[in-house]
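Before I ask anything, let me first share the structure, which is written out below as structure tokens.
The values are calculated or read from the model by the stated rules, or taken from the named source; none is laboratory data. Since we're looking at a predicted model, the values are computed, not measured. In this analysis, Cβ positions are derived from the backbone assuming ideal geometry, glycine residues included, and neighbour counts consider all displayed protein chains. The accessibility values were calculated without ligands, DNA or RNA, using every heavy atom of the protein model including side chains. Shrake-Rupley method; radii C 1.70, N 1.55, O 1.52, S 1.80 Å.
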Amino acid sequence: MDEGAGRQWRSTIAAAQDGDRRALDELVEGWLPLVYNVVGRALNGHADVDDVVQETMLRAVDNLGSLRDPDSFRSWLVAIAMRQIRDRARRKQPAHLDESAAHEVTDFAELTVLRLQLEGQRREVAEAVRWLDDEDRQLLSLWWLEVAGELTRRELAAAAGISRQHAAVRVQRVKERLETARGIVRALDGACPGLRDLTARWNGRPDSVWRKRLARHIRGCGYCGDTHDSVVPAERLLVGIALVPIPVGFTLSLAFGGKTAVAATAATATSVGWSAKVLGALTQPVVAVTAGATIVAGGAFVVTQPPDSPPPRAVASPTAASTSRPQALPIPPSPSSSPSASPSPTPKKTDLYGTVVDAVDEAPDPNTEPAPLPHRPASGITSTGGAKAVMEHRGDSVTLSGQGYVLVRWQIAPHDRPGGLVMPSWTGLKGKLFHVASGGGRRMDDVVGDGSDRGYVTGMGGPDIGYTVLPEGAQQMWQNEYFYVDGSVTLTVNERGASYGLSVFPTDWDAVTKDITTGPDQGAIRYGLVRDEGDDTTPVPQYVTRATPADAATVDQRSRV
């Protein structure tokens, strides 16, 4: 759930738990596509997909009253789906598939390619899923949605019934097997004579035996192993293509207190109730922009800003003259409905602390020295991440406690995955948190080169590799951002879409002052900027809450807590 949707779904779930049928309609309408995709990918389009989706939604509706925390609805629902998938696997005995069953097995891969109009390496990834074992496909169905921003790593681990550490290991193994499977798909599309001879007796159905044979051939074949095109990592290809629309003819029925509502099919437009709403949501033309993707007719997600395309209004490579005293370049704004994209209005004067920072501030002149940094009391900060916490994946977090200064250092990686960035957030705040200074010698949108260094023109990217795009109204980060903590708070990486990482260091006033007073004449692009006004009007981060939501990405974009 993004932050706006989070509020919507919390109220919808609560209303549905209280017996509001309209709210239940909206709940089923909104979450059926996610369940269908989890199950469809895990079972690779097997004929049992409809039954497992049916059982999942039925159990979710029947047990909705037992859900205590609405913020955990998504992970709860996905966990139910995964239990149904595993239960089906235990009930089913391995059996030889006839030709009709073999055709059904390929349905979801075909549906993914056709309904999302995938081409090139994106098509290759979708078709490679056929070559994975059942257990790998189950985890892949979750990881695919994690990469696309539909699930968090914590939700993935919970749904798989494993720890986050174990999930990291399992996901890495699945990625390696997926890359092997991609190589098989690529080789089968080629014209290797040796491969033609090898597959002469193959019936065309992917299985583990032929996967091993083909992989062994590819490893020893100069023709098949010679990839002429650069292979883009799967996670970069999957951004924005998470949800395959439910196919025409899909039928779902749920029983409510002895009454049954039957989902309409495309051929039956006379059904009423929530089933008709589901059909309408999945078939009528809709355009709703989200971070890096657009929902179009049929509910499909298609990438509007693929990794190899520059964003709208991309800046041109600067000339040598322009880099002598580089100014901040404008980074194209992200779509207005991207996660965490709606800035709060200017709050009225209250007893809450902090000034508003919900606007993009202008970069100061490079030679403007910062104002003096107020010296706040500091008894020391303890960090659950130690002296240096490196957070590189969605859901990674660090809890800071005590009184003192903290450095948050940004690592923006558009060469890995550009697009809309979901900002990190501060949760569970007890006490006070201030954004006191920005440093590191540059803002991340400052000119850093001509693109020759891995394609970077600014720290946010370049035309060749794409750009990292901030939510509308978010304040442009600098390389180093400094905060003051008096109490305790947790900082979480909400990486969805654009790739980024954070390093978090407890620090002190002297180190902050030294950083921000390093100017262009000392090799920096610009002096730092002091934000601390010495009292409780000092800015606080845009994404901060005293609550502890299940998904930290749902934190509102505002500056008062």
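If Gly40 satisfies all but one of (1) open to solvent by less than 40 Å² (accessible area, probe 1.4 Å); (2) at pLDDT 85 or above, what's the number of the condition it fails?
(2)
Checking Gly194 against (1) in a helix (DSSP H, G or I); (2) buried (at least 18 other Cβ atoms within 10 Å of the Cβ), only one condition comes out false. Which one?
(2)
Checking Val485 against (1) outside any loop (DSSP other than H, G, I, E, B); (2) within 23 Å of the chain's Cα centre (by Cα), which single condition isn't satisfied?
Single failed check for Val485: (2).
Name the one entry in Arg86, Arg74, Arg59 that is modelled with pLDDT of 85 or more and open to solvent by 60 Å² or more (accessible area, probe 1.4 Å).
Arg59
Being outside any loop (DSSP other than H, G, I, E, B) and either under 31 Å from the mean Cα position of the chain (by Cα) or modelled with pLDDT of 85 or more (or both) is true for just one of His228, His166. Which residue is that?
One residue alone meets the criteria, His166.
Scanning for something outside any helix (DSSP H, G or I) and in contact with a Lys or Arg (Cβ under 7 Å, 6 or more places away or on another chain), does the stretch 15-29 turn up at least one residue?
No, the stretch 15-29 contains no residue that is outside any helix (DSSP H, G or I) and in contact with a Lys or Arg (Cβ under 7 Å, 6 or more places away or on another chain).
Follow-up. Within the stretch 504-553, track down each residue that is at pLDDT 90 or above and either in a strand (DSSP E or B) or in contact with a helix residue (DSSP H, G or I) (Cβ under 6 Å, 6 or more places away or on another chain) (or both).
Hits for the stretch 504-553 are Val504, Phe505, Pro506, Thr507, Gly528, Leu529, Val530, Val544, Pro549.
Scan the stretch 497-509 and give yes if some residue there is more than 18 Å from Trp410 (Cα to Cα) and either out of contact with any Ser or Thr (no Cβ under 7 Å at 6 or more places or on another chain) or not β-branched (Val, Ile, Thr) (or both), otherwise no.
Yes - at least one qualifying residue is present in the stretch 497-509.
For the stretch 462-480, enumerate the residues that are surrounded by fewer than 24 Cβ atoms within 10 Å (Cβ to Cβ) and of a type outside the set (A, V, I, L, M).
Of everything in the stretch 462-480, those that are surrounded by fewer than 24 Cβ atoms within 10 Å (Cβ to Cβ) and of a type outside the set (A, V, I, L, M) turn out to be Pro463, Asp464, Glu472, Gly473, Gln475, Gln476, Gln479, Asn480.
Take Ala524 and tell me if it is open to solvent by less than 10 Å² (accessible area, probe 1.4 Å), within 24 Å of Val448 (Cβ to Cβ) and hydrophobic (A, V, I, L, M, F, W, C). Can you show your working first?
On the way: open to solvent by less than 10 Å² (accessible area, probe 1.4 Å): no; within 24 Å of Val448 (Cβ to Cβ): yes; hydrophobic (A, V, I, L, M, F, W, C): yes.
No, not satisfied.
For the stretch 367-385, which residues satisfy the criterion of being more than 19 Å from His435 (Cβ to Cβ) and exposed (fewer than 12 other Cβ atoms within 10 Å of the Cβ)?
Across the stretch 367-385, the qualifying residues are Asn367, Ser379, Gly380.
For the stretch 395-417, which positions are open to solvent by 10 Å² or more (accessible area, probe 1.4 Å), under 23 Å from Ala157 (Cα atoms) and more than 16 Å from the chain's Cα centre (by Cα)?
Result: Thr399, single match.
Shifting gears a bit: Given the criterion in contact with a Gly (Cβ under 9 Å, 6 or more places away or on another chain), surrounded by fewer than 24 Cβ atoms within 10 Å (Cβ to Cβ) and not aliphatic (A, V, I, L, M), identify the matching residue among Thr554, Thr538. Talk me through it step by step, then tell me what you get.
On the way: Thr554 fails: surrounded by fewer than 24 Cβ atoms within 10 Å (Cβ to Cβ).
Among Thr554, Thr538, only Thr538 is in contact with a Gly (Cβ under 9 Å, 6 or more places away or on another chain), surrounded by fewer than 24 Cβ atoms within 10 Å (Cβ to Cβ) and not aliphatic (A, V, I, L, M).
Residue check: is Val174 open to solvent by less than 50 Å² (accessible area, probe 1.4 Å), at pLDDT 85 or above and β-branched (Val, Ile, Thr)?
Yes: the conditions hold for Val174.
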